[in-house]
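First the structure, in the form of structure tokens, and then the observations on it.
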Amino acid sequence: MKTKKIKFTTKTILVVLLLANSYNLSASDSLYVNGSIKTIGACYFTNNGNILISGNLNNAATLASGASSTIRFWGTTTTQVITSSSTTFQNATIDNTQGVSLSSGNISINGILTLKHGIFTTGSNIIDLGSSSGSIVETAIAPTSYVTGKVKATRNIGSGTTDQSFGGIGLIINESTLTTNSTEVIRTTGSSCTNGANLGIKRYYDITPTTATGLNATIKFYYFNHELDVTNAGVAIVENNMIFYKSTNSGSTWSGQLPTSSNTATDNWYAKTVIPLPSLSRWTLADMSKPLPVELLSFSSYCENNNIGLKWATASETNNNYFTVERTNNKDVSNFVPVGTVNGHGNSNTVLNYQFTDNLEMEKCSDAYPFYYRIKQTDYDGKYSYSNIIPAHCCGNTKIPVLSPNPSDGNITGYVYDGVREINVTIINSFGQKVLSEKYLLNNTNTFLINATGMENGMYIINLKIDSKIYTYRQIILKN
């Protein structure tokens, strides 16, 4: 590839720069663009010097950066970074009082991203700090310039590293078990994890260690003052009421975690010792008087003659008054009715186990099977949240397949009785259209997986044909 060197003086000023070939800005040069830069076609633009830009950066080719290069976004009107190709900055500075928007595509930072003036908004796009040297500099506690959106960093945690700060994204993990354990962290700011009217602060972290078993970690979680105003009404969460909330299912349900230490007076952080650190977990802070949905460590069913037994366990509890066991059946998966209550333990930071037996009459052993159960957890102040839904089948020797979970994100597991070797599955949407037709051959197993992840949210009819018998199910697809 033939590369052209851009020969500019250190004070070269352009209104618009359109690049269609390959160019190299030398380390001794500075490029001032009082407007926009656009790369197209087979352009390969390498910045080894310094770029100052007041307009949009639209990269449809390749933009690379040398080891000491810098790009500075400045001005007083909102600018956009639009990329549909590889965009890598060594050092970048946000110095635009009206902000910068990452409107399309992801960018990589190999050096330092410095926030001086204005807000850098990423939307659903990601700023990637890489696996080694990328970092971000934001003023602590009450900044006027910061990133809102998603920032990702991958670093090693373990006994070979003390406090791992993941490039300065506001999360520190100290893990003492493994020597090196590559861990990806994605920080999301500007939006809250929610349970109806109950909201976490406008920051959460998704933590994914490569190895998750046997880990002993301490997490330190930093936040900004403006992230406490979860309703944008100028009324912030009371910091002294906050506790950790952890989710292992991308925010569907949560487990309250009491912090082991905190500093809300001068440094805005909470810390928590976590044993073990899950393979994938989302962490946020929320008001313990307005909890996010409770997370059950386990929730399962078993058979007691023709009755159904349920058992569940909680990792921790905050203001937990009681549990309500709710049941529905295959004929109406959306109409749950209460069948009993179990008292909670108020506040606890230890594992607690619960049990309940649903005494079913024999006449209920019909084609309404399987039954489905969920747990409604109610606080002392009347606020409540729901667990996941599980199926249960204990109707004598009746052999009826079970689909679980319901609702589902599209990954549906089927359970069948012994002796079944072939199942024909069809799925019909709410318009009566057949959207899936597959045959499953079972070899020494009683389970099969239906992949409906490509379907839209809504109610579907699933027909299972085993031999000459057809079983019909109403299935809800509900994705985040």
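Structure notes:
- When residues of the range 265-316 are limited to those that are among the acidic types (Asp, Glu) and within 25 Å of the chain's Cα centre (by Cα), the one modelled with the lowest pLDDT: GLU295
- Taken over the range 65-86, the residue count meeting the criterion of being within 12 Å of ILE107 (Cβ to Cβ) and more than 29 Å from the chain's Cα centre (by Cα) is 3.
- Condition check for LYS38 on (1) surrounded by fewer than 16 Cβ atoms within 10 Å (Cβ to Cβ); (2) at pLDDT 70 or above; (3) charged (D, E, K, R): one failure, at (1).
- Just one of the numbered conditions (1) surrounded by fewer than 19 Cβ atoms within 10 Å (Cβ to Cβ); (2) in contact with a Cys (Cβ under 9 Å, 6 or more places away or on another chain) is not true of THR194: (2).
- Matching residues in the range 421-440 - criterion: being assigned to a loop (DSSP other than H, G, I, E, B) and either polar (S, T, N, Q) or surrounded by 15 or more Cβ atoms within 10 Å (Cβ to Cβ) (or both): ASN429, SER430, GLN433
- Residue, modelled with the highest pLDDT, within the range 441-480, restricted to residues that are out of contact with any Gly (no Cβ under 8 Å at 6 or more places or on another chain), part of a strand (DSSP E or B) and exposed (fewer than 11 other Cβ atoms within 10 Å of the Cβ): LEU441
- Residue among GLY256, GLY251, GLY234 that is in the same structural domain as VAL151 (by TED's automatic domain parsing), in a loop (DSSP other than H, G, I, E, B) and modelled with pLDDT under 80: GLY234
- Qualifying positions in the range 173-185 - assigned to a strand (DSSP E or B) and either buried (at least 19 other Cβ atoms within 10 Å of the Cβ) or touching a helix residue (DSSP H, G or I) at 6+ places or on another chain (Cβ under 8 Å) (or both): ILE173, GLU175, ASN181, THR183, VAL185
- For the range 317-346, filtering for residues that are modelled with pLDDT of 90 or more and either among the small types (Gly, Ala, Ser) or under 13 Å from TYR372 (Cα atoms) (or both) leaves 6.
- Checking every residue in the range 154-165 against the condition of being of a type outside the set (Phe, Trp, Tyr) and under 24 Å from SER103 (Cα atoms) gives at least one match.
- For ILE82, the requirement of being free of Cβ contacts under 8 Å to residues at least 60 places away in the same chain, assigned to a strand (DSSP E or B) and buried (at least 21 other Cβ atoms within 10 Å of the Cβ) is not met.
- For the range 89-138, the tally of residues that are in contact with a Phe, Trp or Tyr (Cβ under 6 Å, 6 or more places away or on another chain) and within 25 Å of THR208 (Cβ to Cβ) stands at 2.
- Members of the range 149-170 that are surrounded by fewer than 20 Cβ atoms within 10 Å (Cβ to Cβ) and touching an Asp or Glu at 6+ places or on another chain (Cβ under 9 Å): THR154, SER159, THR161, GLY168
The values are calculated or read from the model by the stated rules, or taken from the named source; none is laboratory data. Remember, predicted model here, so these are calculated numbers, not experimental data. Cβ coordinates were reconstructed from backbone atoms using ideal geometry, including for glycine residues, and neighbour counts include every protein chain displayed.
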